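First comes the structure, then the notes that go with it.
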Amino acid sequence: MIRFTKMQGIGNDFVMVDAIQETQLPEDLPALARTVNDRRFGVGGDGLILIERGASAPFRMRMFNPDGSESEMCGNGIRCFARLLQDHGHLEADHVDVETGAGTLNLEILGEGRVRVDMGKARFSRGEIGMSGPSDELFIEQAVGDGYLGTAVSMGNPHLVIFVADVAAVPLETAGPKLEHLSVFPKRVNVHFIQVVDRGHLIQRTWERGAGVTLACGTGACASAAAAFLTGRTNRKVEIQLPGGKLELEYLEDRRVLMTGPAETVFEGQI
């Protein structure tokens, strides 16, 4: 039996396993992720997240998508990670550094269920994003098919940000998978459609690689905030409305992005 905690950050939900306490996990973690994330035959979630001891930081986060692929990072998931560290007695301070596939990130627990994360620097060159083509070339407002213009950003994982007049009118279930598999992204890409309300507010809908339509994407919100400022659409501080709730983002002058939002426990169980 594996003990788990079901958590969510603005509707992006995860099966969280404390691998510091649960030491008998199966070797095939992708298969475990496919099982527990299944919403009909498992627990149900947008990802399986493991708490582990870190090498260069006190803790390490690993995240597996519902299709079993391992993701470099998850913005909503890492806020849940911070709350679970505290709830399980691993953390006494309000700050902690955590290793991820996108590098070491600093987390701050603010109280009232809110967590602020220094998500690191937004990156814009093809090489940093993991795209094909000249490594130092930027991909900003480029044609990506079906009349869309996309801006590519990495937050340690790849994102394609597309600004539209009305996100509700986007056929996400058909446009999402097509854009996810664009040939210029060998490892696939997370796709975000963004509507600009004003210079301080955005509306976001997301198709996540390996997961499909989700209620929220934290790293995608960071990428969208950076892309919106880069293309002159917003100020450095923005509030983004996602289907599951709101996130506060700040794009700093050194290209780091600060993300603030909630993280909540839904229930605990064994599988």
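The values are calculated or read from the model by the stated rules, or taken from the named source; none is laboratory data. It should be emphasised that the depicted structure is a prediction, and the values quoted were computed from it without experimental measurement. Note: ideal-geometry Cβ built from the backbone for every residue, glycine included; neighbour counts use all protein chains shown. Side chains are part of the model used for accessible areas, which takes the heavy atoms of the whole protein and leaves out ligands, DNA and RNA. Shrake-Rupley method; radii C 1.70, N 1.55, O 1.52, S 1.80 Å.
A few remarks follow.
- Between 241, 195, 142, the residue with the greatest mean-square fluctuation in the GNM of the chain (Cα pairs under 10 Å linked by springs) is 142.
- Backbone HN-Hα couplings from phi across the range 233-248 [Karplus 6.51/-1.76/1.60, Hz, Gly and Pro as x]: 8, 9, 7, 6, 9, 9, 10, 10, 8, 10, x, x, x, 10, 10, 9
- Residue of 132, 154, 71 that the Gaussian network model of the chain assigns the largest fluctuation, springs spanning Cα pairs under 10 Å: 132
- Local electrostatic count at residue 210 - Lys and Arg +1, Asp and Glu -1, tallied over other residues with Cβ under 10 Å: -3
- Fully extended contour minus Cα-Cα distance, from residue 253 to residue 27, at 0.36 nm per residue: 77.1 nm
- Summed residue charge, Cβ within 13 Å of residue 16's Cβ, Lys/Arg positive, Asp/Glu negative: -3
- Under Karplus coefficients 6.51, -1.76 and 1.60, residue-wise ³J(HN,Hα) of the range 79-90 in Hz, glycine/proline x: 5, 4, 4, 4, 4, 5, 4, 5, 5, 8, x, 7
- FRET E, pair residue 55, residue 146, Förster distance 41 Å, beta-carbon r, rounded to 0.05: 0.40
- Extension gain, residue 97 to residue 2, is 31.6 nm, computed as 0.36 nm per intervening residue step minus the present C-alpha separation.
- The length gained by stretching the chain between residue 246 and residue 197 to full extension, at 0.36 nm per residue less their Cα-Cα distance, is 16.3 nm.
- Here the accessible area of the chain is 47 percent carbon and sulfur, with a 1.4 angstrom probe and all protein chains present.
- Net charge contributed by nearby residues that have their C-beta within less than 12 Å of residue 132 (K/R +1, D/E -1): +1
- Using a cut-off of 29 Å between Cα atoms, the listed pairs 178/237; 178/246; 6/237 include 178/237; 6/237 as exceeding that distance.
- Relative contact order of the chain, pairs being alpha-carbon contacts under 8 Å that are 6 or more residues apart, as %: 21 percent
- Cross-link partners of residue 187 among aspartates and glutamates (Cα-Cα below 19 Å; sequence separation of 8 or more within a chain): 46, 67, 70, 72, 128, 136, 137, 208
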